[in-house]
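Here's the structure we're looking at; comments come further down.
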Amino acid sequence: MKEKRLIIVGGGVIGLCSAYYAMQRGHRVTIVDRGAPDHDCCSLGNAGLVSPSHIVPLAAPGMVSLGLRMMLNPEGPFSLRPRLSFELFNWAWKFFRASSAAHVLRGAPVLRDLSLASRRCFEELAEISGNGFGLVKKGLLVLCRTERALIHESATAIYANGLGIEAQVLTPEETARRMPELELSIAGSVYFPIDCHLSPTLFMGTMTRELERGGVEFVWNTEINGWRTSGRRVTGVVTGTDPLSADEFVLAGGAWSSRLASGLGLRLPMQAGKGYSLTLEHPKRMPDVSSILNEARIAVTPMGSKLRFAGTMEIVGMDSSINAARIRGILKSIPKYFPDFSERDFRETPVWSGLRPCSPDGLPYLGRVRNFENLCIATGHAMLGLSLGPITGKLVSEIVSGESPSVSIELLSPDRYA
Ligand SMILES: Cc1cc2nc3c(=O)[nH]c(=O)nc-3n(C[C@H](O)[C@H](O)[C@H](O)COP(=O)(O)OP(=O)(O)OC[C@H]3O[C@@H](n4cnc5c(N)ncnc54)[C@H](O)[C@@H]3O)c2cc1C
């Protein structure tokens with residue numbers, strides 16, 4: 001196989017994982033990011049869940065009406081700020097169109113295959129790095145406060161079992177045995193033994209070190225603001241200084257990818273889905289299994305001695321400011337499930353925010369585009385970017401090496417809205 005020069009736009013989890021597997025295949029890789037080496041991005045403060053349990057795409061039946069109901073509550077976990085924007089209208093219409101049973105039937109097996117393959121990659125990476133990122137394979141509990149939610153989640157469990165993802169519906173007592181450290185106020189839970197969790201910051205650090213060791217070049221503080229092309233080839237990326245050229249280009253710019261792609265005349269509908277996390281440095285109680293507070297849509301993840309709470313999905317444009325009402329909503333919800341905790345426990349806790357790259361059909365954009373033979377798109381992972389990071393990177397490396405992808409990615413074509 002011919003060694004190629006590769007430029008990856010974006011040093012988030014997708015960019016780093018793509019660089020890792022391309023480097024493994026002997027390519028010469030450069031990562032270009034507009035941030036500094038210690039810059040923040042969506043890949044750092046997230047909930048750290050590696051979740052094959054999440055097989056249902058975001059665009060699913062009932063999601064539109066659920067979203068509308070949630071929007072009525074200013075402290076609720078979901079909001080969409082209406083604004084005069086063709087992109088937003090277009091995205092919302094496509095989301096509405098995609099929220100069908102037929103789409104879930106098509107999308108769920110693809111997400112399952114990607115997730116399971118990615119989980120295997122995490123296991124390999126943990127072995128290589130001496131588990132430098134705290135991978136814990138103890139499963140995920142979806143905690144339901146109400147019978148109604150439990151019935152709904154039980155249906156998801158049946159669906160997951162049918163697709164080969166083990167899921168067990170547990171009584172409150174059975175749940176307490178899995179999470180004995182905390183008092184629980186729940187109607188029951190669904191347990192997904194296959195899920196894992198890790199520290200995203202440690203994962204990013206581990207990957208960066210592996211890349212530096214392998215000779216990957218990092219070009220920090222360099223914003224890409226255009227492309228050079230010749231016919232059906234991308235020849236370079238335009239920066240504030242000299243353009244950078246390569247044989248192959250990978251667009252992994254997270255929530256900014258849509259804007260970057262438009263510079264090549266590509267249509268990649270996407271909205272940023274803002275979420276928050278708060279990390280307790282010294283939690284008064286410490287579970288060793290991760291959980292989701294179902295009705296509140298909050299993920300709770302032990303990370304070493306810390307405990308992270310993450311949630312909300314706000315479609316408010318490229319705005320990463322902190323909405324105090326949403327944070328109040330998170331803090332009010334936690335004691336409803338975990339009476340050991342109170343809002344006071346979070347008084348000094350800083351709030352992190354991140355912008356998820358959300359496609360309208362809840363599936364990533366991954367693969368070549370029709371118009372350019374040496375461009376690969378890898379973005380749009382929404383709530384699954386960490387989970388699917390390694391398999392995305394592996395698939396990118398296969399694509400740029402001219403090999404057939406090891407997991408079917410036809411549904412993920414970046415041209416599907418062209
Ligand atoms: C609250 C919250 C919780 C989450 N929990 C989970 C979870 O538990 N599990 C999970 O799998 N996922 C989770 N996610 C989603 C996950 O964090 C994202 O899907 C993932 O981080 C996206 O990675 P990325 O590399 O595509 O984007 P990013 O991490 O945003 O990286 C994009 C990079 O591109 C760079 N860039 C952008 N534009 C340019 C430009 N013009 N020039 C140069 N560089 C540029 C940026 O600086 C940035 O470094 C969560 C997200 C949030 C907000």
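The values are calculated or read from the model by the stated rules, or taken from the named source; none is laboratory data. All values derive from a computational prediction rather than experimental measurement. Cβ placement follows ideal geometry from the backbone for every residue including glycine, while neighbour counts extend to all protein chains displayed. Calculation scope for accessible area: heavy atoms of the full protein, side chains included, ligands and nucleic acids excluded. Shrake-Rupley method; radii C 1.70, N 1.55, O 1.52, S 1.80 Å.
Mind checking the per residue accessible area of the chain for me, 1.4 Å probe, whole number of Å²?
Working: 17540 Å² over 418 residues.
That works out to 42 Å² per residue.
Explain nothing, just compute: Karplus ³J(HN,Hα) = 6.51 cos²θ - 1.76 cosθ + 1.60, θ = phi - 60°, for every residue of the range 325-333 in order, whole Hz, x for Gly and Pro.
These are the phi-based 3J(HN,Hα) values: 5, 5, 5, 4, x, 4, 5, 6, 6 Hz.
Taking each pair of distinct Cα atoms in the range 1-142 once, what is the resulting Kirkwood hydrodynamic radius in Å? Don't skip to the end; give the middle numbers.
Numbers: mean 1/r = 0.0534 Å⁻¹.
For the range 1-142, the Kirkwood estimate is 18.7 Å.
How large is Rg/Rh for the chain, to two decimals, with Cα atoms and a Kirkwood Rh? Intermediate values should be presented prior to the final figure.
Numbers: Rg = 20.7 Å, Rh = 21.7 Å.
We get a ratio of 0.95 for the chain.
What are the extents of the Cα atoms of the range 303-418 along their three principal axes, listed from largest to smallest and rounded to whole Å?
The principal-axis extents, from largest down, are 55, 32, 21 Å.
For the range 130-250, what class follows from the C-alpha gyration tensor (a ≥ b ≥ c being the square roots of its eigenvalues): rounded when a/c is under 1.5, otherwise prolate if a/b is larger than b/c, else oblate?
Prolate, because a/c is 1.5 or more and a/b exceeds b/c.
Roughly speaking, to the nearest percent, how much of the range 156-218's 1.4 Å accessible area is carbon and sulfur?
On the range 156-218, the fraction of accessible area on carbon and sulfur atoms equals 51 percent.
Give me the distance between the Cα centres of the range 304-357 and the range 135-156, rounded to whole Å.
20
Sort out for me the Cα centre separation of the range 1-34 from the range 227-296, rounded to whole Å.
14
Highest mean first, how do 288-301, 64-77, 263-276 rank when packing is the count of other Cβ atoms within 10 Å averaged over residues? Walk me through the numbers before you get to the answer.
Numbers: 288-301: 23.1, 64-77: 14.3, 263-276: 20.9.
Going by the mean number of other Cβ atoms within 10 Å, highest first, we get 288-301, 263-276, 64-77.
Using unit Cβ charges (K, R positive; D, E negative) and no other charged atoms, how large, in debye to the nearest 20, is the dipole of the chain about its Cα centre? Numbers along the way, then the final one.
Working: 45 positive and 40 negative charges, 170 e Å.
My answer is approximately 820 debye.
Structure shown: which of LYS138/LYS336; LYS138/LYS274; LYS137/LYS332; LYS306/LYS394; LYS306/LYS332 lie over 26 Å apart, alpha-carbon to alpha-carbon? Walk me through the numbers on the way to the answer.
Values: LYS138/LYS336 24 Å; LYS138/LYS274 28 Å; LYS137/LYS332 29 Å; LYS306/LYS394 30 Å; LYS306/LYS332 20 Å.
Listed pairs above 26 Å: LYS138/LYS274; LYS137/LYS332; LYS306/LYS394.
For the charge dipole of the range 319-399, defined by +1 on Lys and Arg C-beta atoms and -1 on Asp and Glu C-beta atoms about the Cα centroid, which residue among THR392, GLY329, PRO357 has the Cα displaced farthest towards the positive pole?
Towards the positive end, the residue furthest out is GLY329.
Nearest 500 deg cm²/dmol is fine: what mean residue ellipticity at 222 nm does the chain get from its DSSP H runs of n ≥ 4 alone, each adding -39,500 (n - 2.57), divided by its residue count? Can you show the working numbers first?
Details: 10 runs with 131 residues, N = 418.
About -10000 deg cm²/dmol.
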